[in-house]
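Visitor: This is the structure, below, for whatever I ask next.
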């Protein structure tokens, strides 16, 4: 999926609080209405993966002015069920394809 111009991507690691069982985690997330309010308006989910033994990894796309809102959402709605780590990210696949084409071109000149 191509990134929209002027947007940023944020990858969030929602690490399960392993001191709680799944029922306790869900109880906390239901209490804060996490499932029905994530992500905030104007923020798109690009991918959502479960990593066994870690938790969940979600990549969001948004206008830069939404970063603070997403940060506050995470602090208010997910802490207690998850520990979180956030990273600005970008799609490397187009770069990879370009580098592969460059390498093929470079390799063909060596022969």
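Visitor: With respect to the numbered conditions (1) surrounded by 11 or more Cβ atoms within 10 Å (Cβ to Cβ); (2) touching a residue at least 40 places away in the same chain (Cβ under 8 Å), which one is the sole condition not fulfilled by residue 6?
Guide: That leaves (1) as the condition not met.
Visitor: Anything in segment 74-105 that is in a helix (DSSP H, G or I), in contact with a strand residue (DSSP E or B) (Cβ under 9 Å, 6 or more places away or on another chain) and either surrounded by 15 or more Cβ atoms within 10 Å (Cβ to Cβ) or touching a residue at least 12 places away in the same chain (Cβ under 8 Å) (or both)? List them, or say none. Reasoning before the result, please.
Guide: Residues of segment 74-105 that are in a helix (DSSP H, G or I), as a first pass: 74-78, 93-105.
Subsequent filtering for residues that are in contact with a strand residue (DSSP E or B) (Cβ under 9 Å, 6 or more places away or on another chain) retains 74-75, 78.
Selection gives 74, 78.
Visitor: Additional query: Considering only segment 29-55, state which residues are at pLDDT below 95 and either in contact with a strand residue (DSSP E or B) (Cβ under 8 Å, 6 or more places away or on another chain) or surrounded by 12 or more Cβ atoms within 10 Å (Cβ to Cβ) (or both).
Guide: 51, 54, 55
Visitor: Now for a different question. List every residue pair whose Cβ atoms sit under 8 Å apart, with the two residues 6 or more apart in sequence or on different chains, where the first one lies in segment 11-37 and is at positive phi and without any contact (Cβ under 8 Å) to a residue 40 or more places away in the chain and the second, anywhere, is part of a helix (DSSP H, G or I) and surrounded by fewer than 16 Cβ atoms within 10 Å (Cβ to Cβ).
Guide: Qualifying pairs under 8 Å: none.
Visitor: Count, please, the residues in segment 23-73 that happen to be more than 15 Å from residue 13 (Cα to Cα), touching a helix residue (DSSP H, G or I) at 6+ places or on another chain (Cβ under 9 Å) and not in a helix (DSSP H, G or I).
Guide: Number satisfying all stated conditions: 7.
The values are calculated or read from the model by the stated rules, or taken from the named source; none is laboratory data. If you're wondering where the values come from, they're calculated on a predicted model, not measured in any experiment. Reconstructed Cβ throughout: ideal geometry from the backbone, glycine too, with neighbour counts over all protein chains shown.
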